[in-house]
1. With just the Cα atoms of the stretch A:32-126, tell me how far they stretch along each of the three principal axes, in Å, largest first.
2. Using +1 at the C-beta of Lys and Arg and -1 at the C-beta of Asp and Glu, which of A:48, A:86, A:59 has the Cα lying farthest in the positive direction of the dipole of the stretch A:32-126?
3. Could I have the simple spin-label model distance between residue A:113 and residue A:96, label points 7 Å from Cα toward Cβ, reported in nm to one decimal?
Amino acid sequence: QAGGCSVAVSCPAHSAGLAFPDWAYKAESSPGSRQNQLWHFILELLQQEEFRHVIAWQQGEYGEFVIKDPEEVARLWGQRKCKPQMNYDKLSRALRYYYNKRILHKTKGKRFTYKFNFSKLIFLNCPLWDVRCPSPLPVWWRAVGARFFVGAGYGGA
DNA sequence: TTCGGAACCT
DNA sequence: AGGTTCCGAA
């Protein structure tokens, strides 16, 4: 599509033959939206084994994760954003803004436990991957992709 | 601990 | 828009 929202063939979901609704392909609704977003960062940490003592997927509910060391996650996030004063109080406020956006929600009763709304974010900000020059998938995508495609299927539009 | 308003920033 | 900072309330 001319607007920069077409589905690249190299898109794993596409090659897997999955159909997604139009809203899922929203690529550049806002200029800075694809870089350094908190939920990308969370997914990035979640994907790396060396951070399992800090943040990890939770056994049980699909897409659920636990922040095992809140201040350390905050420190890493602050490091990424060059905000040395970052702490869990502030980071968690940012996470709470995701509730209305339906990117995340809180698992009530479970301490430091949140859950991703994968069906809503799967292609939110999905970059336009070039067919001719396939760029490596964003690191956050690998985390989502792995969890999403291994788990329950998607009904489609 | 968790929540969400409000002001502020880029 | 997507946080960051601060904070009172539950």
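1. Result for the stretch A:32-126: principal-axis Cα extents of 32, 30, 24 Å.
2. Ranked along the dipole, the leading option is A:86.
3. 2.1 nm
Values quoted throughout were computed directly from the atomic coordinates according to the rules given, and no laboratory measurement underlies them. None of these values were measured; they are calculated from a predicted model. Neighbour counts run over all protein chains shown; Cβ positions are idealised from the backbone, glycine included.
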